[in-house]
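The values are calculated or read from the model by the stated rules, or taken from the named source; none is laboratory data. Everything numeric in this text was worked out from a predicted model, so none of it was measured. No Cβ is skipped: glycine too gets one built from the backbone with ideal geometry, and neighbour counts run over all protein chains shown.
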């Protein structure tokens, strides 16, 4: 703290011996030592408090940075999840539309085949396209305006989105 050499301490001791006197010098030296020790402890406590406050400020700054990074990551993940859900919904709707179109096309082809072969073949004959098939007719498809086409079952894990 202070840069005091041995020779300076000796000079201070001699001056104190002359000014204070030999009877009161030991008591005064003890009191000065105690005050000097308290001063050192106080200075060390202030240094530790300042250091602790600097570390706390640094930790708070780091905490704010981490919270900002966590919010940014969370928004990125939520955005990716919503994009993924939208993509899954689009694919699902395309698959449903394709299934409805395939069902409609298959029903029209079946009706055309049944009506065309029924006119050309005798009443008890099987259609030429299905040798050995039973004579029960296929169920008639529902009219396209009556009910929506059947939906594809949702994929596992995507039903919560």
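Annotations for the structure displayed:
- Yes/no for residue 86 being more than 30 Å from residue 154 (Cα to Cα), surrounded by 10 or more Cβ atoms within 10 Å (Cβ to Cβ), modelled with pLDDT of 90 or more and under 48 Å from the mean Cα position of the chain (by Cα): no
- Restricting 65, 8, 53, 58 to residues that are surrounded by 10 or more Cβ atoms within 10 Å (Cβ to Cβ), out of contact with any strand residue (DSSP E or B) (no Cβ under 8 Å at 6 or more places or on another chain), modelled with pLDDT under 95 and in a helix (DSSP H, G or I) narrows the list to 8.
- Residue in segment 86-102 that is more than 15 Å from residue 150 (Cβ to Cβ), part of a helix (DSSP H, G or I) and in contact (Cβ under 8 Å) with a residue 60 or more places away in the chain present: yes
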